[in-house]
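Q: Supplied in structure tokens, the structure appears directly below.
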Amino acid sequence: MKNCLSLITIALAIAFLPHASHAAEAFELGAANYEADRVGGKEADSIIGDFVLRNDRAEAVISGNLPDRRANMSTFYGADGMTPGCLYDLSLRDTDNDQIVAYCPLNQRGNINYVRILDAGGKGKPASIEVFTSAAKTGGFDIRHVYQLTDGETGVLITSTVTNHGKAAAKRENFADVNAKFRVRGTWNDIDWVDSIDPTDKCGYAWAWEPGVEGPQKSQPFEAGQTITVSRFIAVGTSPAAALGEVASRHGASGKLDGNIANDTGEGITSARAMIKIGQSVIPAYPDESGKFSITLPVGDHQVSVEDIGRSAVDQRVAISPTAPATLAAKLGNPSQVVFKITDEQGKDIPCKAQLNAVEGTEKPDLGPTDRAHGCVDQYHSETGSFSVQLPPGSYEVIVTRGPEFGHLKESVTLAAGQSHAFSGKLIRQVDTKGWISTDYHNHSTPSGDNTCGTDDRIINLAAEQIEFAPTTEHNRLYDWAPHIEKLGLQAHLRTIPGMELTGSGAHFNMFPLEPKPGLQDGGAPVWSKDPRLNAIVLRGFQGERPDRWIHVNHPDMTENFIDRDGDGKADGGFAYFGNLIDGLETQNYKNSEILAGAPYQLTDPFNRGSRIQYIREFIWLQLLNQGLPARALAVCDAHHVYGNGVGGWRTYVQSSTDDPAKVDWQELSRNSKAGRMILSSGPFLEVETAGGIVAGGLDRANGTVNLKVKVQCSDWLDIDRVQVMINGRQPEEYNYTREKNAKMFSDGVIKFDQKLAIGLSEDAHIIVVAIGENSSLKTGFGNSSQAGNKPVAYNNPIFIDVDGNGFEPNYDTLGFDLPVKGLTPDEVRKALNLEEPVENEKKE
């Protein structure tokens with residue numbers, strides 16, 4: 001019994017000892033340990049076959065020597081895009097907060113010989129991974145990189161050795177390349193530092209050549225047989241200041257700074273930041289959830305400004321000593337803020353968007369970067385109706401919306417310092433869209449690579465703008481937004497299905513569904529090919545042929561794809577049969593509609609020598625419909641940001657048997673989209689139906705006259721003033737209805753237009769109805785962002801009318817212009833548009 005008690009006593013003592021540190025280790029990611037041991041974060045890119053370095057404080061991923069190994073799409077393009085043997089991820093241990101796309105020492109690119117564990121580490125031993133490329137692969141240079149992680153450090157030491165094995169002197173491009181879209185960056189004493197795109201991610205990086213090492217020049221000369229060895233240290237921290245301190249401590253005397261940022265009652269302020277002036281650099285440090293931070297800084301006296309939006313800043317000086325920690329205790333007053341409580345008409349919480357528009361001389365607020373939902377410039381997008389926005393004192397026009405089907409709330413607010421203003425209200429769904437679901441088939445977040453919008457931010461943006469179905473369409477990567485939707489509690493508002501955008505230097509494609517394969521390059525996605533027909537065929541059969549898969553062409557080059565494939569200025573039919581291999585194409589991709597344009601092109605400045613030709617996609621689509629193009633039209637936002645280039649400015653309504661987003665059947669949406677049962681809209685909700693009940697995409701029979709029911713609804717922040725019935729792409733004046741000349745046909749309530757129209761036909765025809773606010777904009781709903789200038793527009797996919805009873809036949813009318821080819825000159829366009837005499841000697845566009 002005594003021995004048993006002794007063992008229990010020893011066990012309890014061990015249990016309450018301080019947590020033992022993790023020894024540095026190096027290992028390979030495999031199928032068994034991938035989910036448990038991979039590094040996570042906004043830019044995390046590891047797959048099975050990569051290598052991990054980690055210790056008690058940090059963890060890193062080195063890309064394996066795997067087929068076509070590359071980070072996300074934007075890292076590098078083309079044949080030079082492979083980057084095995086590079087630092088892909090670097091994060092503090094167990095935070096899953098990687099923000100870096102790729103760090104390529106000495107511009108490491110292309111094929112290598114191997115990546116291997118050089119030292120697996122262990123107690124008191126560094127762990128290291130070696131990357132080697134032979135002279136045979138580089139054109140004469142052996143290149144060796146060793147990545148080393150030591151216990152207690154938050155950075156990786158990268159030692160690179162380059163040897164010229166050639167018989168003559170040579171030069172090599174030798175410089176380190178951090179590939180990531182950091183916007184805030186700086187340098188202090190040859191230490192580079194960067195901040196994460198979204199400061200609330202609270203992550204920074206810093207790097208420098210090791211002390212006493214002169215970094216290689218951009219163009220480094222080598223004598224025959226010469227070897228150069230250089231070392232660089234790259235660190236991660238909870239802020240740029242924290243990362244810089246880790247690097248600076250290797251270069252000179254340093255000391256600790258313990259900070260505490262609180263309000264008047266002692267509660268920590270996690271949203272604040274300490275702007276530390278070190279020399280001529282001002283570097284941010286971020287507190288944790290309790291308002292505290294502890295970082296290393298170079299010794300000396302440093303000025304610190306502690307600030308938070310909506311609070312008065314506090315300035316202090318700190319003296320950093322190597323012998324004892326310095327302290328910073330800053331108290332900030334209460335913030336000036338607007339506290340929101342927004343519900344639907346039943347009193348249920350609802351996602352929404354708030355605009356905080358500065359008025360009466362108040363400076364425009366800067367709530368954060370355009371890439372995020374919770375504070376982007378002067379907007380705030382929220383997954384819930386209960387939120388608060390801190391603002392500098394001043395006067396604001398506050399507008400709350402949730403897409404074009406809901407009304408808006410507006411209030412003038414003047415905030416004094418420290419004042420909190422309550423803004424509450426109900427967003428009323430004014431537009432009845434029963435039988436139709438609001439969709440956007442083309443959007444992106446940071447896994448796409450060409451943008452830095454957080455995935456959660458994209459999901460919140462979609463929900464706040466009341467998009468009800470959005471397939472996951474990241475560039476060249478199979479991914480699934482469903483876990484993000486669930487984490488945010490938005491299942492009742494938004495549905496997704498995994499898919500992708502297949503991207504290259506030609507036609508891009510969006511498609512769904514596809515099944516992501518975690519742990520594989522690009523989630524198991526296919527690779528783009530130049531011929532769009534080959535891409536369409538591959539995508540049809542990828543992961544097994546299925547008839548319900550949706551495939552459309554993004555922002556299509558109508559001329560290259562369907563008229564002049566080789567760009568020689570001669571019509572050749574484009575890529576033959578391509579139109580039959582796709583389901584749809586984007587006639588609208590974020591910009592203002594030109595569906596009522598009178599020509600297939602325009603000049604940016606018609607009478608200027610530097611004028612450029614712009615092809616008008618929607619007009620060319622109408623021309624091609626008359627040639628029998630079967631692809632259906634859809635509108636998307638192709639959003640890469642939240643503010644400006646965000647979602648909501650365009651959408652496609654697709655016919656659906658349910659109006660409940662949680663119950664949406666993607667297969668039904670795909671079927672109805674393939675059938676053309678789609679309405680394109682930048683705001684108005686348009687319904688067009690023949691007397692026989694045929695809607696967009698359908699075929700009806702008529703003898704000389706077709707009766708149309710046309711109804712247009714708008715919420716209280718939108719309007720239309722024209723309805724144009726287009727027949728085979730033309731705009732007959734007798735079917736052009738405007739508020740000015742047909743005032744009795746228009747109303748001022750939610751229902752703007754509700755008429756039965758008799759349309760005379762002399763031949764088979766496709767009918768498109770356009771509802772537009774020619775004297776309106778989207779400003780109330782989009783404020784100061786770029787979408788605000790777009791006009792409210794809606795139009796249907798064609799309804800086809802068989803007049804002679806022999807089935808529908810296109811009329812091959814090109815609407816007064818030849819189908820546009822490549823290589824037109826401004827002179828030729830001026831002549832086709834009947835503009836003034838051309839300016840001589842202008843270059844072809």
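Q: Just to verify a number: what accessible area does K434 come out at with the full protein assembly present, 1.4 Å probe, Å² rounded to tens?
A: 150
Q: Another question, then. Identify, among G140, V194, A120, the residue whose Cα sits farthest towards the positive end of the charge dipole of the range 100-203, taking +1 on the Cβ of Lys and Arg and -1 on the Cβ of Asp and Glu, with the dipole about the Cα centre.
A: Farthest towards the positive pole: G140.
Q: Something else now. Per the 1.4 Å probe, what fraction of the accessible area of the range 575-711, in percent, lies on carbon and sulfur atoms?
A: 44
Q: In whole percent, and with a 1.4 Å probe on the protein chains, what portion of the accessible area of the range 474-514 is carbon and sulfur?
A: 54
Q: Oh, and also: Please calculate how many Å² of accessible area the chain carries per residue, with a 1.4 Å probe and no DNA, RNA or ligand atoms counted.
A: The answer is 40 Å² per residue.
Q: Please identify every one of the GluC sites (Glu not before Pro) in the range 597-694 that sits in a loop by DSSP and has no more than 15 other beta carbons within 10 Å of its own beta carbon.
A: When the GluC sites (Glu not before Pro) of the range 597-694 are filtered for loop state and at most 15 Cβ neighbours within 10 Å, nothing remains.
Q: Treating the beta-carbon of each Lys and Arg as +1 and of each Asp and Glu as -1, no other charges, what is the dipole magnitude of the range 701-760 about its Cα centre, to the nearest 20 debye?
A: Values: 10 positive and 8 negative charges, 67 e Å.
Charge dipole of the range 701-760: 320 debye, to the nearest 20.
Q: Could you compute how much accessible surface D96 exposes when probed at 1.4 Å, giving the result in Å² to the nearest 10?
A: About 90 Å², rounded to the nearest 10.
Q: Dipole of the range 389-548, Cα-centred, from +1 at each Lys and Arg C-beta and -1 at each Asp and Glu C-beta, to the nearest 20 debye?
A: That gives a dipole near 160 debye.
Q: Return the Cα extents of the range 657-730 along principal axes one, two and three, sorted largest first, each rounded to a whole Å.
A: 43, 33, 21
Q: Let me ask something else about it. Taking all protein chains together and a probe of 1.4 Å, list S438, S776 from the most accessible to the least accessible.
A: Largest to smallest exposure gives the sequence S776, S438.
Q: Please compute the modelled spin-label separation between K530 and N811, points set 7 Å along Cα→Cβ, answer in nm with one decimal.
A: Output for this residue pair reads 4.0 nm.
Q: While we're on this one: With labels modelled as points extended 7 Å from the Cα through the Cβ direction, what inter-label distance (nm, one decimal) is found for A492 paired with E223?
A: Rounded to a tenth, the inter-label distance reads 7.7 nm.
Q: With charges set only on the Cβ (+1 for Lys and Arg, -1 for Asp and Glu), what does the dipole of the chain come to about its Cα centre, in debye to the nearest 20?
A: 1040
Q: Taking amide hydrogens as modeled 1.01 Å from N in the peptide plane, which residues meet the under 5 Å criterion relative to V769, leaving out close sequence neighbours?
A: Residues meeting the criterion, in which the H sits 1.01 Å from N, are M726, N796.
Q: Calculated from DSSP H runs of 4 or more alone, at -39500 (n - 2.57) each and per residue, what is the 222 nm mean residue ellipticity of the chain, nearest 500?
A: -3000 deg cm²/dmol
Q: Still on this model: Taking the range 208-285, which GluC sites (Glu not before Pro) meet the DSSP loop condition and have no more than 16 other C-beta atoms within 10 Å?
A: E214, E223, E267
Q: Could I ask something else about it? Provide the solvent-accessible area of S219, counting protein heavy atoms only and rolling a 1.4 Å probe, rounded to the nearest 10 Å².
A: 50
Q: At 0.36 nm per residue, and after removing the present C-alpha to C-alpha distance, how many nm does the segment from R93 to D344 gain when stretched out fully? Please list the in-between numbers first.
A: Numbers: separation 251, 0.36 × 251 = 90.36 nm, distance 4.20 nm.
Length difference between fully extended and current span is 86.2 nm.
Q: Can you give the FRET efficiency to the nearest 0.05 for D258 and A120, using r as the Cβ-Cβ distance and R₀ = 35 Å?
A: 0.50
Q: What aspartates and glutamates could a cross-link reach from K591, if we take a straight Cα to Cα line under 13 Å and drop same-chain neighbours fewer than 8 places away?
A: Here the aspartates and glutamates satisfying the reach criterion relative to K591 are E618, D638.
Q: By the scheme Lys and Arg +1, Asp and Glu -1, what is the net charge of all other residues having a beta-carbon under 9 Å from that of Y205?
A: Working: positive: none; negative: D192, D195.
Net charge around Y205: -2.
Q: Let me ask you something else. Tell me the carbon and sulfur percent of the accessible area for the range 278-422, rounded to whole percent, probe radius 1.4 Å.
A: Looking at the range 278-422 in its full context, I get 49 percent from C and S.
Q: Shifting gears a bit: Among the lysines, which fall within straight-line cross-link reach of K331, defined as a Cα-Cα distance under 25 Å, with same-chain neighbours fewer than 8 residues apart omitted?
A: Within the straight-line limit of under 25 Å, K331 reaches these lysines: K202, K256, K277, K292.
Q: Taking the alpha-carbon centroid of each part, what is the distance from the range 414-468 to the range 274-306 in angstrom?
A: When both Cα centres are located, 34 Å separates them.
Q: For the residue pair D56 and N334, what label-to-label distance in nm results when each label sits 7 Å from Cα along the Cα-to-beta-carbon direction?
A: With each label point 7 Å from Cα toward Cβ, the separation is 4.4 nm.
Q: Here's another thing I want to ask about it. What FRET efficiency do you get for E763 and R609 if R0 is 41 Å and r is their Cβ-Cβ distance, rounded to the nearest 0.05?
A: Once the sixth-power term is evaluated, E becomes 0.40.
Q: Over 30 Å between Cα atoms, which of K752/K831; K353/K674; K410/K791; K218/K822; K42/K171 qualify?
A: In this structure, K752/K831; K353/K674; K218/K822; K42/K171 exceed 30 Å between Cα atoms.
Q: For V725, V299, V377, give me the order by solvent-accessible area with a 1.4 Å probe, most accessible first, ignoring ligands, DNA and RNA.
A: Greatest to least solvent exposure: V299, V377, V725.
The values are calculated or read from the model by the stated rules, or taken from the named source; none is laboratory data. Given the structure is predicted, the values throughout are model-derived calculations rather than measurements. As a convention, Cβ positions derive from the backbone with ideal geometry for all residues, glycine included, and neighbour counts pool all protein chains shown. Heads up: the accessible areas ignore ligands, DNA and RNA and are worked out on the full protein's heavy atoms, side chains in. Shrake-Rupley method; radii C 1.70, N 1.55, O 1.52, S 1.80 Å.
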